[in-house]
Amino acid sequence: MTKSKVHYICGSCGASHLRWAGRCSTCQEWNTLEEVVIRDANFSRASVGPGHSERSTILDSVHFVANKLNASIFPTGLIEFDRALGGGITPGSVTLVGGEPGIGKSTLLSQLLSNVALSGEVVLYVSAEESDNQVASRIHRVRGKEVSVGILTANNVLDIEVHVRNYRPAVVVIDSIQTIADPELASSPGSVVQVRECAARLIELAKASDIALVLVGHVTKDGSLAGPRVLEHLVDTVAYFEGDRDSSLRVLRVIKHRFGPVGDLGMFEMGESGLEDLIDATALHLVDRVAGQSGSVVFPAMDGRRVLLCEIQALVVPTSAEQPRRVVTGIDFNRFLLLLAVLEKKAGIKLHNKDVFVSIAGGVKITDPSADLAVLLAVVSSLKDIPVDPTLVCIGEIGLGGEIRLGSGEKQRLQEAVRMGFTRAVVGAKSGSEVDGQQIIKVSSLSSALVAASLHFE
Ligand code: TYD
Ligand code: MG
């Protein structure tokens, strides 16, 4: 049986089909299939069929794990990058770093390469977007001293392959995968077909030569530029570099990782000479907090496996409008309405003649329901104009009956809170957490939580 030499790739979702059709059966888009011709056997992993079995070698898994995997993860020296990736990068692995244009991907990877170069490894920065000069001056800006990083400006994937083979680098960055192209394919650079096929070639090369390959991919906010998304299943690690343009905080979020845990974050601050590691970011969002004001409660939020203390602020003011206003930022609006209903029904606190505003300082967004209790305590604190103890944190999801449920990772949240000086905590009654130096007040209902926070007296 002979294998087909042609396949059809959907320009919208990247799905591969053996036959042409007017409509892609995966994403249901019309007229998106493009013909792609497979030219040689190692063009893509999928093309390695039965006829090629002589190229494969059978390895013993014990030998492989002991000698190759464990020993090979090497730290890049960028502390927060290594933390997010479980220790560093692995030779022969492929990492996709996605993010919006201008967020700092090139800066991050220039720093990464110059760090690795300083440890004596050969590294190569392939840029298809900028001139040699621009790449070199960025490396100089973030490093500030002499460092030997190979720079190649090219956008032809075949050229890149040749240079990589000759230069023999340990780490290669391709900036970006959307701007390189295979001239033998009809599609334009950045199309799903080009992105997929160029990436497949480079991945094959990285695996065969034990190179740690980092692909940069631009993603827009609405994800409309689908390029990098089609690569997620081809690569070993997917990390997104995120941040607000108005703020200098940058977060590297790992959403897929074959060599370690997912869910960890790397946090950085963009400065004049590149990104700085934010090793202790727990109290980052509290820097502008004025302790002792009514309407303010601190909640230890979890982002990945990291604890970030957040200040929930509420403002409750009288209104004579028929429809009182409820305005929230950073929390879910419908959940907030539900919480206000529970507050009225179970704690007898009426807000029908009040406007209520809630926001989270620092533009943080929280989807975790264990912030419920902190939100309601902030509302009641503002309503009664009684400040909540500034050394108090609270964790608890509120049920429709006014009962308080436990939050996940509670002990870790409390430990971080006490480290930052929060010596009292209000938590659900079923909590088993005990933390040195912290008074833990267990409450089973919303009313008893109000009493514990000195917002209501029985
Ligand atoms: P860049 O890494 O080019 O973003 P991307 O590759 O994701 O498109 O960096 C974008 C921004 O970062 C740019 O507006 C300038 C700023 N920047 C700094 O603030 N400090 C620095 O040291 C560097 C190199 C860039
Ligand atoms: Mg860039």
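The values are calculated or read from the model by the stated rules, or taken from the named source; none is laboratory data. Source: prediction; values computed, not measured. Here the Cβ is made from the backbone with ideal geometry for all residues, glycine too, and neighbour counts use every protein chain on show. Just so you know, the surface numbers come from the protein's heavy atoms only, side chains and all, with ligands and any DNA or RNA stripped out. Shrake-Rupley method; radii C 1.70, N 1.55, O 1.52, S 1.80 Å.
May I ask you to give the percent of accessible area on the chain that is carbon plus sulfur, with a probe radius of 1.4 Å? So the carbon and sulfur contribution to the accessible surface is 51 percent. With 27 Å as the limit, write out which pairs from K350/K442; K145/K365; K256/K442; K345/K430; K354/K411; K105/K411 have Cα-Cα distances beyond it, or answer none. Flagged as over cut-off: K145/K365; K256/K442; K354/K411; K105/K411. If you plug the beta carbon distance of R19 and L118 into 1/(1 + (r/R0)^6) with R0 = 51 Å, you get a FRET efficiency near 0.45.
Reducing segment 415-430 and segment 343-414 to their Cα centroids gives an inter-centroid distance of 15 Å. Among R165, R335, R413, the order of accessible area from largest down is R165, R335, R413, computed with a 1.4 Å probe on protein heavy atoms. Can you bin segment 385-458 into rounded, prolate or oblate? Criterion: square roots of the alpha carbon gyration tensor eigenvalues sorted a ≥ b ≥ c, rounded for a/c under 1.5, prolate for a/b above b/c, oblate for the rest. It comes out oblate by the Cα gyration axes. Given R0 = 35 Å, the distance between the Cβ atoms of H352 and S444 translates into a calculated FRET efficiency of 0.80. Using a 4.7 Å Cβ-Cβ cutoff, the cysteines of the chain lacking any partner cysteine are C198, C310, C394. Ligands, DNA and RNA are left out, and with a 1.4 angstrom probe the accessible area of the chain is 47 Å² per residue. Need one word for segment 67-277: rounded, prolate or oblate. Basis is the Cα gyration tensor (sqrt eigenvalues a ≥ b ≥ c); a/c below 1.5 gives rounded, then a/b vs b/c decides. It comes out rounded by the Cα gyration axes.
FRET efficiency for the T329 to S454 pair, using the beta carbon distance and R₀ = 25 Å, is estimated at 0.40.
Of the GluC sites (Glu not before Pro) found in segment 290-386, those in coil by DSSP whose Cβ has at most 15 other Cβ atoms within 10 Å are E322.
Ranked by the mean number of other Cβ atoms within 10 Å per residue, highest first, peptides 264-270, 303-309, 242-248 order as 264-270, 303-309, 242-248.
Every pair of different Cα atoms in the chain enters the Kirkwood calculation, which places the hydrodynamic radius at 25.2 Å. Karplus-derived 3J(HN,Hα) values for segment 15-20, using 6.51 cos²θ - 1.76 cosθ + 1.60 with θ = phi - 60°, are 5, 9, 10, 7, 10, 6 Hz; glycine and proline are entered as x. All Cα-Cα separations within segment 330-436 were binned at 10 Å from zero, giving a P(r) of 13, 45, 35, 7, 0, each value a whole percent of the pairs.
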